[in-house]
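The values are calculated or read from the model by the stated rules, or taken from the named source; none is laboratory data. Please read these numbers as outputs of a predicted model, since none were measured by experiment. Reconstructed Cβ throughout: ideal geometry from the backbone, glycine too, with neighbour counts over all protein chains shown. Side chains included, ligands, DNA and RNA excluded: accessible areas come from the protein's heavy atoms. Shrake-Rupley method; radii C 1.70, N 1.55, O 1.52, S 1.80 Å.
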Amino acid sequence: RSIDWKRFSDAIAGIEIIRDATQVAKLSKDYYTYSPLLVEQLSDKVGDLVVRPTSEAEVLKVAKACVQQRIPLTVRGAGTGNYGQCIPLQGGVILDLTKMQAVKWIQPGIACVEPGVKLAALDKQARETGWEIRMAPSTYRTATIGGFIGGGSGGIGSITYGQLRDRGNLLAVRVVTMEDEPRVIELRGDDVQKVNHAYGTNGIITELEIPLAPAYPWAELIVVFDDFMTTATFGQALGDADGIIKKLVTICADPIPGYFAALRSAIPPGSHVALVMVAEQSLEPFKAMVKEWSGSICYEKSAQAAKKGTMLLEYTWNHTTLHARTVDPNLTYLQTLFPYDPELKLLEHMYQHFGDELMMHLEFIRVAGCVLPAALQLVRYSTPDRLHEIIRYHEEKGAFIANPHTYILEDGGRKTVDPVQLAFKEAMDPYGLLNPGKMKAWEMRDRS
Ligand code: FAD
């Protein structure tokens, strides 16, 4: 494949191009280093150049210039994904959408935005109108809404609203295609699932309509317990407490809190903790619940105070992994969904079975109306074989693993080929140029 880059840049004249090798290398990577297996596979992957459009019209121009010469194109938001989702496997163009950050309109309960808007920025604007985003990853400050939809799954807020894939959590998108004559397609209703969590393999999202939630003043608290299973069952009970308004229920087993440098002075050594965001209106019943469970509150910030300094959410979800890896880079992690069971029997078994090798970190989320623990356990990494054995053991016992050690779309959380997403790719990206190598269904089709 020989690409005439002069012809390419002439075709997109007026649009920012980054050619500096250091910059291009940086913008070719995400947070794949959390997985020792992905480090082996992705460290040497780099794009040829980065293009930064500022509008949908410019995206159309870039798409056309790529199609003309069959140049691979990998879409990028903030590059905070963990599975190498936006790492170009076959070089080509990195399409950085961070300059497209307009909030087009906010109506009661719905926002229409460009993909590059950062979640915190969108949330701030929404809150000025009495609304807020329903859910955000712990990369709230840096991640883009386009990248969250393209590669994320859920986060702070999922205890109430479920995950991004749940019907109603994405209302509409505009998508640029990679046909000979690229065009814009609008998808609404269930059609949004064609591109939702597709790693940018079958369309470039240029606009999104996302639903909002009523905004609450969120107090931040840490509750300490003496033993892990009491902490976990407290998390389950809080998740199930429909009358208590909450946004976050995170459980970390000892010794995880010891990795939280900025919180260490507040948390007694050796404790198991619940990190929570509760609406201030619900603090009284929440505290009654803490008392009933014999927990003690060691950290409390009002919503007003929480606006400054340490954000509790930046110790939860995959930020828990981040803080632990800062201290011990040999740690990696798993993503597990335990089956619904108010007694948490399987969770207890795994906690005891793996002992010190796995440190339990739970995020309670709502799945099809039931609250259950998703775990992002920290793993003391030894070998690839052992990591696979740990994953296999969980699956055999009935826990669902969304494998964070693969960049293949279907091998991560989805597990099966999605015929709808494949059909959409066949129609919209007939030359297979969008983020090539990530959608297994497409790659297998090429081989057969
Ligand atoms: P990127 O990493 O740039 O892109 C993600 C994927 O989306 C890529 O495949 C990319 O090609 C595709 N994409 C980006 N923009 C578009 C577009 N406009 N059209 C089509 N495809 C597009 N994730 C969670 O879900 N929940 C969490 O709580 C969470 N916590 C995290 C904590 C840490 C410390 C880290 C490092 C990661 C975490 N993540 C989490 C993963 C990641 O931060 C989020 O999914 C984030 O929303 C990704 O946004 P981004 O802008 O960085 O996307």
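If we only count strands (runs of 3 or more DSSP E) wholly inside segment 139-241, which ones have 2 or more residues that are near the ligand (Cβ under 9 Å from one of its atoms) and in contact (Cβ under 8 Å) with a residue 40 or more places away in the chain? Spell out how you get there, then give the answer.
Numbers: elements: 172-176, 184-188, 204-214, 218-225.
Answer list for segment 139-241: 172-176, 204-214.
Can you go through ALA306, ALA261 and tell me which one is open to solvent by 20 Å² or more (accessible area, probe 1.4 Å) and either touching an Asp or Glu at 6+ places or on another chain (Cβ under 8 Å) or not aromatic (Phe, Trp, Tyr) (or both)?
Numbers: ALA306 fails: open to solvent by 20 Å² or more (accessible area, probe 1.4 Å).
Among ALA306, ALA261, only ALA261 is open to solvent by 20 Å² or more (accessible area, probe 1.4 Å) and either touching an Asp or Glu at 6+ places or on another chain (Cβ under 8 Å) or not aromatic (Phe, Trp, Tyr) (or both).
Can ASP411 be described as in contact (Cβ under 8 Å) with a residue 40 or more places away in the chain, acidic (Asp, Glu) and within 30 Å of ALA63 (Cβ to Cβ)? Walk me through how you get there before you give the answer.
Numbers: in contact (Cβ under 8 Å) with a residue 40 or more places away in the chain: no; acidic (Asp, Glu): yes; within 30 Å of ALA63 (Cβ to Cβ): yes.
Against the criterion (in contact (Cβ under 8 Å) with a residue 40 or more places away in the chain, acidic (Asp, Glu) and within 30 Å of ALA63 (Cβ to Cβ)), ASP411 does not qualify.
Taking the condition within 16 Å of the ligand (Cβ to nearest atom), polar (S, T, N, Q) and at pLDDT below 95, does THR316 pass? Before the answer, list the steps.
Values: within 16 Å of the ligand (Cβ to nearest atom): yes; polar (S, T, N, Q): yes; at pLDDT below 95: no.
Taking the combined requirement at face value, the residue does not satisfy it.
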Just the residues that are within 18 Å of ALA261 (Cβ to Cβ) and surrounded by 15 or more Cβ atoms within 10 Å (Cβ to Cβ), please, taken from segment 323-353. HIS323, ALA324, ARG325, LEU331
Given the residues LYS29, LYS118, LYS61, LYS45, which is the only one that is assigned by TED's automatic domain parsing to the domain that holds GLU181 and charged (D, E, K, R)? LYS118
Before we move on, is ALA78 under 24 Å from the mean Cα position of the chain (by Cα), over 23 Å from GLU179 (Cβ atoms) and assigned by TED's automatic domain parsing to the domain that holds GLY162? no
Selection count, segment 180-209, where residues are closer than 24 Å to VAL117 by Cβ and open to solvent by 10 Å² or more (accessible area, probe 1.4 Å): 16
Those residues of segment 309-322 which are open to solvent by 40 Å² or more (accessible area, probe 1.4 Å) and more than 15 Å from THR80 (Cβ to Cβ) amount to GLY309, THR310
Condition first: within 15 Å of the ligand (Cβ to nearest atom) and without any contact (Cβ under 8 Å) to a residue 24 or more places away in the chain. Can you find one or more residues in segment 243-265 that meet it? no
